[in-house]
Amino acid sequence: MTSIEVGQNSQSEPELTPKLSVVVIGRNEGARLSACLESVRDMAPIGGAVEMIYVDSDSTDDSVQRAEALGVRVIGVKPERPTAAIGRNAGWRAARAPLVLFLDGDTRLDPHFVERALPSFADAAVGGVCGGRFESRPQDSVYNRVLDLDWRGPAGEAEFCGGDALIRRAVLERVDGFDEGLIAGEEPDMWRRMQAEGFCALRLDLPMTSHDLAMSRWSQYWRRATRTGHAYAEVAARYADTERPLWAAIVRRNRVHAVVLLGGSALALLLLWWSSWPLLLWLLLLAAVVVRTAWRQRWRGGSATTLLLYGLHSHLQQIPILVGQLGYYASRASGRRRHLIEYKG
């Protein structure tokens with residue numbers, strides 16, 4: 001296992017017990033992976049050694065060679081049913097440090113995040129922390145531009161941290177890490193179990209990572225949203241009969257939202273034989289709803305145009321999210337388990 005003192009010479013003494021373990025997961029990330037690992041190597045010193053572990057999920061490109069060239073320990077996983085949880089578990093279980101930083105291979109770490117986040121762990125109730133994630137190339141597509149706002153969240157105690165998170169290893173051990181059976185939504189599920197053990201998640205008002213969504217096609221947008229719907233339904237079903245349901249309200253709202261959108265649109269089109277007014281009124285109503293949503297979400301930042309696009313996205317995504325939910329219910333009824341829903345080419 002490679003231990004390096006970040007910000008200093010990478011040839012640290014191998015016997016050093018690391019202060020931080022960084023677990024990067026990826027599959028076919030190529031140059032994005034190199035950028036991610038280099039951002040970890042170049043982060044500000046934290047007063048102790050840092051070990052880097054890359055967990056590769058059966059890449060067919062040169063990702064493994066890129067990681068090895070940077071002196072990073074590589075762990076390969078080839079599961080029949082790949083999930084992000086499998087990679088993250090393999091990484092933290094091989095890690096030696098008391099704190100584990102999880103990163104996705106398509107992100108880049110802010111050089112000062114870890115040093116600024118470490119004081120949060122003075123509170124023994126803090127199980128882990130995360131910061132802000134931002135799209136590195138929002139100008140590349142309307143999808144990148146709009147979904148960049150999706151990453152924004154208020155600072156303070158959070159329901160969960162996402163894929164980028166700094167977590168106590170002892171807490172990961174206590175809850176046995178991520179559920180490898182979930183193809184998505186594994187982070188909220190694990191944090192719910194952590195909270196049951198008395199630990200909380202903190203979202204810090206600090207930049208943490210930049211992300212490369214690399215989304216340029218409608219089909220990618222659709223698949224990503226269906227994956228979200230699948231995660232909502234599966235995780236909600238898991239906690240349906242508990243004292244603290246998770247995502248149950250979101251699942252119900254999505255069903256109503258999508259049915260209203262589809263039903264209203266279908267009715268307006270059917271009435272075209274009688275008059276164009278119902279369709280016009282329906283479009284005006286949808287436009288008003290989009291503007292209202294954009295106004296309510298202005299705290300996320302962005303230009304007026306971006307906020308209007310975000311308002312449109314907030315409603316439009318309800319349809320593929322419903323499709324994802326229905327896909328989960330169909331798979332469960334047939335006894336089949338769906339494989340990972342990937343949206344990147």
Open item on the list: Which numbered condition in (1) on the phi < 0 side of the Ramachandran plot; (2) within 21 Å of the chain's Cα centre (by Cα) is the only one that GLY302 fails?
Closed with: (1)
TODO: Sort out which residues of the range 189-226 are crowded, with 20+ Cβ neighbours inside 10 Å, out of contact with any helix residue (DSSP H, G or I) (no Cβ under 6 Å at 6 or more places or on another chain) and not assigned by TED's automatic domain parsing to the domain that holds LEU172, and write them in order of number.
DONE: ARG224
Open item on the list: Which numbered condition in (1) over 26 Å from TYR143 (Cβ atoms); (2) modelled with pLDDT of 95 or more; (3) within 24 Å of the chain's Cα centre (by Cα) is the only one that LEU281 fails?
Closed with: (3)
Task: Residues satisfying the stated conditions in the range 79-90, i.e. closer than 15 Å to ARG169 by Cα and without any contact (Cβ under 8 Å) to a residue 40 or more places away in the chain - done: ALA90
Task: Every residue from the range 294-345 that is in contact with a Pro (Cβ under 9 Å, 6 or more places away or on another chain) and at pLDDT 95 or above - done: THR306
Open item on the list: Looking only at the range 136-182, count every residue that is among the β-branched types (Val, Ile, Thr) and either more than 30 Å from SER303 (Cα to Cα) or free of Cβ contacts under 8 Å to residues at least 12 places away in the same chain (or both) and tell me the total.
Closed with: 3
Task: Among the residues listed as SER39, SER34, SER59, SER21, the single one being in a loop (DSSP other than H, G, I, E, B), in the same structural domain as PRO111 (by TED's automatic domain parsing) and under 21 Å from the mean Cα position of the chain (by Cα) - done: SER59
TODO: Test TRP295 against the criterion of being within 20 Å of the chain's Cα centre (by Cα), over 30 Å from LEU172 (Cα atoms) and surrounded by 11 or more Cβ atoms within 10 Å (Cβ to Cβ), and give yes or no.
DONE: no
Task: Flag for LEU272 being touching a Pro at 6+ places or on another chain (Cβ under 8 Å), without any contact (Cβ under 8 Å) to a residue 12 or more places away in the chain and surrounded by fewer than 17 Cβ atoms within 10 Å (Cβ to Cβ) - done: yes
Task: ARG93 of a type in the set (Lys, Arg) and either in contact with a strand residue (DSSP E or B) (Cβ under 9 Å, 6 or more places away or on another chain) or free of Cβ contacts under 8 Å to residues at least 24 places away in the same chain (or both) - done: no
Open item on the list: I'm trying to understand the selection: among the residues of the range 310-341, which are under 12 Å from THR293 (Cβ atoms) and either in contact with a Phe, Trp or Tyr (Cβ under 6 Å, 6 or more places away or on another chain) or hydroxyl-bearing (Ser, Thr, Tyr) (or both)?
Closed with: TYR310, SER314
Open item on the list: So VAL146 ticks every box in (1) closer than 28 Å to PRO79 by Cα; (2) in contact with a His (Cβ under 6 Å, 6 or more places away or on another chain) but one. Which box is left unticked?
Closed with: (1)
Open item on the list: Looking at the range 109-161 only, could you name the residues that are small (Gly, Ala, Ser) and surrounded by 18 or more Cβ atoms within 10 Å (Cβ to Cβ)?
Closed with: ALA117, GLY127, GLY128, GLY131, GLY132, SER136, SER141, ALA158
Task: Filter result for the condition that a residue is at pLDDT 85 or above, surrounded by fewer than 21 Cβ atoms within 10 Å (Cβ to Cβ) and β-branched (Val, Ile, Thr), over VAL64, VAL55, VAL24, VAL50 - done: VAL64
Task: Matching option when the condition is in contact with a Pro (Cβ under 8 Å, 6 or more places away or on another chain), under 24 Å from MET43 (Cα atoms) and of a type in the set (Lys, Arg), among ARG116, ARG96 - done: ARG96
Task: helices (runs of 4 or more DSSP H) within the range 71-170 that include 2 or more residues of a type in the set (S, T, N, Q) - done: none
Task: Filter result for ILE53 (in the same structural domain as GLU180 (by TED's automatic domain parsing), under 18 Å from ARG108 (Cβ atoms), assigned to a strand (DSSP E or B) and touching a residue at least 12 places away in the same chain (Cβ under 8 Å)) - done: yes
TODO: Kindly indicate the residue of the range 244-269 that is of a type in the set (D, E, K, R) and touching a residue at least 12 places away in the same chain (Cβ under 8 Å) and also farthest from ALA233 (Cα to Cα) among those meeting that condition.
DONE: ARG244
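The values are calculated or read from the model by the stated rules, or taken from the named source; none is laboratory data. Just so we're clear, the structure is a prediction, and the values are computed from it rather than from any experiment. Positions of Cβ are generated from backbone atoms using ideal geometry, with glycine treated the same way; all protein chains shown enter the neighbour counts.
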